[in-house]
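Asks: Take a look at the following structure, please.
Derivation of every value follows stated rules applied to the coordinates shown; laboratory data play no part. Since the model is a prediction, treat every value here as computed from it, not as a measurement. Here the Cβ is made from the backbone with ideal geometry for all residues, glycine too, and neighbour counts use every protein chain on show.
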Ligand SMILES: [Zn+2]
Ligand SMILES: [Zn+2]
């Protein structure tokens, strides 16, 4: 089996655990039989800030390049970024990407909606969950159509926090919008990720859930990465096997990896 964890954070991320050093994450990956580890620290873009505001890029990327060398033959270290909402400040989003040609892989995520506020902080008693997710999908669609990324991240991100707060939205009403999003991504030869962090939280499923992953496959989507969204070494590789099984059941026979922003495909097997 070829295991890849394509969404992880180190302590360079504002929400990474203090013990989540690059080495600790790499060691955890090796111990769990993972062949490729993409380190995708948060690069969230804010309306009025320079991109370097949130991430110490000057130290992170040289350290990742060194780790890539150091682990050669034992673990393929993939230099990634989780680039949040570049539409908040398109110039800074573009500047980040052009300043960092060493990037192998970019997850395009939306975390922050109005006023640079992360959905994490939303109070769903005040914010109507249906409206929030509807608007979230509009932002993802804008991102998918007009910006640079390799895969769009956790397309059901707000549902995770809604679940934590005890709210559930009926996904049926969003299927047309989600299908439209998929078609844009596929037309641009990009992909989505299957984010496994929901298994460690209240929602107890993948982002997107299997039904939506199957829809992506049926629309012709073949570029798919699997990621735990680990923010500490203990979570590296968690539920990767379950994630591969779900991908297989939804029709996928290959998973995608990236090097120098170029996809490759690896066979997966069912149970
Ligand atoms: Zn994220
Ligand atoms: Zn993340």
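Asks: How far apart, in nm, are the 7 Å Cα→Cβ label points at residue 176 and residue 116?
Replies: Each label point is offset 7 Å from its Cα along the Cβ direction, giving 3.6 nm.
Asks: Now a separate question. Sorted by packing (mean other beta-carbon atoms within 10 Å per residue), highest first, where do 262-270, 82-90 land?
Replies: Ranking, from highest mean packing down: 82-90, 262-270.
Asks: Using Cα-Cα distances under 8 Å and only pairs 6 or more residues apart, what relative contact order does the chain have, in percent?
Replies: The value is 21 percent.
Asks: Also, I was wondering about something else. Tell me, how many Å apart are the Cα centres for region 50-125 and for region 239-263?
Replies: Centre-to-centre distance over Cα atoms comes out at 21 Å.
Asks: Something else now. Using only the Cα atoms of the chain, what semi-axes does the equivalent ellipsoid have when each is the square root of 5 times a gyration tensor eigenvalue? Give whole Å, largest first.
Replies: 26, 22, 18
Asks: By its C-alpha gyration tensor, with a ≥ b ≥ c as the square roots of the eigenvalues, how is region 199-271 shaped: rounded for a/c under 1.5, else prolate for a/b larger than b/c, else oblate?
Replies: The shape class here is oblate.
Asks: Arrange the peptides 4-12, 41-49 so that the one whose residues have, on average, the most other Cβ atoms within 10 Å appears first. Walk me through the numbers on the way to the answer.
Replies: Numbers: 4-12: 25.8, 41-49: 19.3.
Top to bottom by mean Cβ count within 10 Å: 4-12, 41-49.
Asks: What FRET efficiency would be calculated for the residue pair residue 262, residue 87, taking the C-beta separation as r and a Förster radius of 25 Å, to the nearest 0.05? Before the final figure, lay out the partial values.
Replies: On the way: r = 25 Å, r/R0 = 1.00.
So the FRET efficiency works out to roughly 0.50.
Asks: Using only the Cα atoms of region 116-236, build the gyration tensor, take square roots of its eigenvalues as a ≥ b ≥ c, and label the shape rounded, prolate or oblate: rounded if a/c is under 1.5, else prolate if a/b is larger than b/c, else oblate.
Replies: Here region 116-236 falls in the oblate category.
Asks: Ok, one more. Using alpha-carbon pairs under 8 Å, 6+ residues apart, how would you state the relative contact order of region 127-271 in percent?
Replies: Normalised by residue count, the contact order of region 127-271 is 20 percent.
Asks: Contact order normalised by length for region 2-137, with contacts defined as Cα pairs under 8 Å and 6 or more residues apart; what percent is it? Working shown, then result.
Replies: Numbers: 205 pairs, mean separation 30.2, N = 136.
Reported relative contact order: 22 percent.
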